[in-house]
Amino acid sequence: MVNEPMATLIVLASLTLAGALAAMWLRNLVHCALALAVSLAGLAAVYLQLDAQFVGFAQLLVYVGAVAILIVFAILLTRGSEPHPQPILSSTWLVGAGVAVAVFAVFAWGILSSKAVKQEAAPAPATTVAQLGNQLMTHYILPLEVLGLLLTSALIGAVLIAMQERRPR
Amino acid sequence: MTSLQAYLLLSALLFAIGLAGALARRNAIIVLIGIELMLNAANLNFIAFWRFGPNPEALTGVLFAIFSIGIAAAEAAVGLALVISIYRHQKTTDLGQVDSLKG
Amino acid sequence: MAEPLDQIFVTLKRLLVQLAPVGWQPFLAAIISVAAVIATFAALFALATVLERKGLGRIQNRYGPNRVGPFGFLQPVADGLKALTKEDVVPRAADQLVHFLAPLVLVVPVFLSLAVLPMGRNMVPVDLDGGVLFFFAVGAATELSVFMAGWSSRNKYSLLGAMRAIAQMISYEVPLILSALAAIMMAGSLSTVKIVEAQAGYTGWLPHWYALTPWGFAGLLLFLIGATAESNRSPFDLPEGESEIIAGYYVEYSGFKFALFFLGEYIGMFAASGLAITLFLGGWHAPLPFLEWFPSWGWFFAKLLGLLALFIWVRGTLPRLRMDQLMNFAWKFMLPMTLINILVTGAWRFMGAGAARWVVCSLLILVPYVLLGRVLRAGGQVAPRVYRYGE
């Protein structure tokens, strides 16, 4: 019935989903960002349970340690009109929620009725970081270099977009 | 329900929550948070299929997730820079009010 | 005589674990490791507070605390009692939940990062395959705590201090990780146990520590500078500058929560020192071949105390850096130097053993160091200085 891995999965999944729901529903923006950080940390724990150690730690390092803080900084830099309470939902929120429910319904039907996902767990693959590095440097060298280029251009682009323009005096 | 189905349902639920937030909230930054949740849900999907799939030694799922994390970080940076820039011009992050190109 | 003393804690743990029923043994083993590490580092924290205050006092030509206990060494007991019994004042406008959680979010990841440090032969709490990555990942989680503390206090000055602290921590995280990368490259593994094992052995009387090579020495210095900045210690302690913005992001905290922040900072410093010892200073290996009778855990903690003395010395000697000087230092000096260090490590690895690689690698590090220092101090000029209003 509910064996040990399933029990930990239920706990982690409830933490992740609670964080995600809080991130989408709360009114205070900083609380939303912190709830997102909790949700991402929960996801990192789920990755660790799936024996993907490197991805779990990379998720903590990149998402919780950098992206969450970036979002928090952006929230703090764009607060001007805090005092007057504004409606938090957009004018077409019902359609949006309906679309999300429909998407989830299609996914759930696909997952629960497909034969391909009814396989049981094989014993955990023993992946080491050395194997990952090997694959990155042989089969995936092109995506690695392209990712480097992408990150460089994103860095330069973000700085340029957010830079204060100098007014010519 | 097998454990693979449990992980996939979690991933689908996260995706749906992120999608609902991205479509239904007014603030641009919350929309970006929703997009990050959707990306993470897709990553979870990849890792779950890698773990329970036929060929885990090829490490395809893990590497896809790693690249996805890197790209998501870049996209978050550029997206937030855009939000900050729009705030400087329009003095608001409310997406309902940034409609000067509306026909 | 050396071997049983060296493994005394391992045998103690094995004896204790065998007393329990078989189903509970893994739990008991884990709990014993965790309790031992936490107890040791909490005691070390208490010792460090006294040593720091006495050390700083001596550097500043005065006695440190010398009233409580013999030579003042029971001062942490007095400090702990004071922190526990002080009234816990929370501002009414503060965000209660976030204000409460901020010290916890600092202390828990910092203690978690102690789990991958090998403190002696066979004495690592958890041997992870990606140990160093785990360390940096949980270190990155402490930045959220700084923000939570600063923002939840609803105080302009704490928010300002928090923003500065986060900017500083993010800026110095990049050179920190890149300088650790050099040692990882040479050892060929992210596992802390394997990195320590790669530094075993002696040539004559010199140990094979990475700090005794040009790239390792530069890497160690860069890592220690980054670690000082990450734990917000002087000369990088502008965010919590006691004379500038009072206590910065934890000005609204009192009593036990403040003590928890203090604890978190010191344990962060210990964890970073422990990682520096693991990566560059040979872990638990002895420095000379005839000193191997001293137990391995003794060497680890001796090196840790040595690095603690270095941190205290630097704090008492160097003036505080201004915020823009701090950021310039991180991005314009430390980042290029760490990248050059990685290049030099690669060059070291692929050149054969001999005097040639020592000379080449040392030059490859020293020349950019001198040039970069000159260029940055002159504000971008490398030409001879021209006086605008003189002559």
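Only the coordinates and a few stated rules stand behind these numbers; no lab work does. Nothing here was measured: the structure is a model prediction, and the numbers come from that model. Positions of Cβ are generated from backbone atoms using ideal geometry, with glycine treated the same way; all protein chains shown enter the neighbour counts.
Which residues in the stretch B:42-80 have a backbone N closer than 11 Å to a point placed 7 Å from the Cα of B:Thr2 along the Cα-to-Cβ line?
Correct set: B:52-54.
Once you order the gyration tensor axes a ≥ b ≥ c over the Cα atoms, which shape class does chain A get: rounded for a/c under 1.5, otherwise prolate or oblate by comparing a/b with b/c?
Details: a/c = 2.04, a/b = 1.23, b/c = 1.65.
Since a/c reaches 1.5 but b/c is at least a/b, the shape of chain A is classed as oblate.
Defining a contact as two alpha carbons under 8 Å apart and six or more residues distant in sequence, what relative contact order in percent does chain B show? Walk me through the intermediate numbers first.
Values: 88 pairs, mean separation 27.8, N = 103.
It comes to 27 percent, rounded to a whole number.
What is the order of C:Glu173, C:Glu3, fewest Cβ neighbours within 10 Å to most? Don't jump to the answer; show the numbers that get you there.
Numbers: C:Glu173 21, C:Glu3 10.
With the sparsest Cβ surroundings first, the list reads C:Glu3, C:Glu173.
As a footprinting exposure proxy, order A:Thr78, B:Thr60, C:Thr11 by other Cβ within 10 Å, with the fewest listed first.
Working: A:Thr78 21, B:Thr60 17, C:Thr11 10.
Least crowded to most crowded, the residues run C:Thr11, B:Thr60, A:Thr78.
Taking only C-alpha pairs under 8 Å that are 6+ residues apart, what is the relative contact order of chain C in percent?
Relative CO of chain C lands at 20 percent.
Quick check on the protein assembly as shown: take the gyration tensor over C-alpha atoms, sort the square-rooted eigenvalues as a ≥ b ≥ c, and tell me if it's rounded (a/c under 1.5), prolate or oblate.
Details: a/c = 1.40, a/b = 1.21, b/c = 1.16.
Judged from the Cα gyration tensor, the protein assembly as shown comes out rounded (a/c under 1.5).
Quick one: which residues, 5+ away or cross-chain, put their amide H under 5 Å from the amide H of C:Val124? H built at 1.01 Å from N.
C:Met119
Taking each residue in C:97-110, count the Cβ atoms of any other chain within 10 Å of its Cβ, then average. What number comes out?
Numbers: counts 2, 4, 0, 0, 1, 0, 0, 0, 2, 0, 0, 0, 3, 0.
Going residue by residue through C:97-110 and averaging, the value is 1.
Where a ≥ b ≥ c are the square roots of the eigenvalues of the C-alpha gyration tensor, would you call chain C rounded, which needs a/c under 1.5, or, failing that, prolate if a/b is larger than b/c, or oblate?
Because a/c hits 1.5 or more and a/b fails to exceed b/c, chain C counts as oblate.
What nm distance separates the two modelled labels at C:Asn61 and B:Gln90, each placed 7 Å from Cα along Cα→Cβ?
Calculated label separation equals 6.3 nm.
In nm, give the distance between the simple-model label positions of A:Ile156 and C:Ala353, each being 7 Å from the Cα along the Cα-to-Cβ direction.
So the two model labels end up 4.4 nm from each other.
Exceeding 24 Å between C-alpha atoms, which entries from my cross-link table qualify? They are C:Lys194/C:Lys303; C:Lys54/C:Lys332; C:Lys156/C:Lys332; C:Lys54/C:Lys82; C:Lys54/C:Lys156; C:Lys82/C:Lys156.
C:Lys54/C:Lys332; C:Lys156/C:Lys332; C:Lys54/C:Lys156; C:Lys82/C:Lys156
Normalised by the number of residues in the stretch A:1-80, what is the relative contact order in percent for Cα pairs under 8 Å and 6+ residues apart?
About 27 percent, as a whole number.
Would you please give the FRET efficiency between C:Lys332 and A:Ile141, computed as 1/(1 + (r/R0)^6) with r the Cβ-Cβ distance and R0 = 30 Å, to the nearest 0.05?
Taking R0 as 30 Å, the efficiency between C:Lys332 and A:Ile141 is 0.45.
Test of the criteria: in the stretch C:149-207, which chymotrypsin sites (Phe, Trp or Tyr not before Pro) are in a DSSP loop and have at most 13 other Cβ atoms within 10 angstrom of their Cβ?
Those satisfying the criteria are C:Trp205.
Scan chain C and note any complete DSSP helix (H) whose C-alpha atoms cover at least 20 Å along its axis and whose Kyte-Doolittle average is 0.0 or more.
Both cut-offs are met by C:25-59, C:96-112, C:156-187, C:214-230, C:256-279, C:296-317, C:335-350, C:355-377.
Cα centroids of the stretch A:1-76 and the stretch C:263-293: how far apart, whole angstrom?
About 33 Å separates the Cα centre of the stretch A:1-76 from the one of the stretch C:263-293.
How do A:Thr138, C:Thr228 line up, fewest other C-beta atoms within 10 Å first? Kindly include the intermediate steps, with their values, before the conclusion.
On the way: A:Thr138 8, C:Thr228 22.
Ascending number of Cβ neighbours within 10 Å: A:Thr138, C:Thr228.
Separation between the A:Arg27 and C:Val34 pseudo-spin-labels, each 7 Å from Cα along Cα→Cβ, expressed in nm?
Between A:Arg27 and C:Val34, the simple spin-label model gives 3.9 nm.
Using only Cα atoms, locate the centre of the stretch C:348-375 and the centre of the stretch C:67-81, then give the distance between them in Å, rounded to an integer.
48 Å
Give the calculated FRET efficiency between C:Ala200 and A:Met163 to the nearest 0.05, with a Förster radius of 35 Å applied to their Cβ-Cβ distance.
Between C:Ala200 and A:Met163 the formula returns 0.10.
How high is the FRET efficiency between A:Leu94 and C:Asp88 when r is their beta carbon distance and R₀ equals 35 Å, given to the nearest 0.05?
Working from the Cβ atoms, E equals 0.15.
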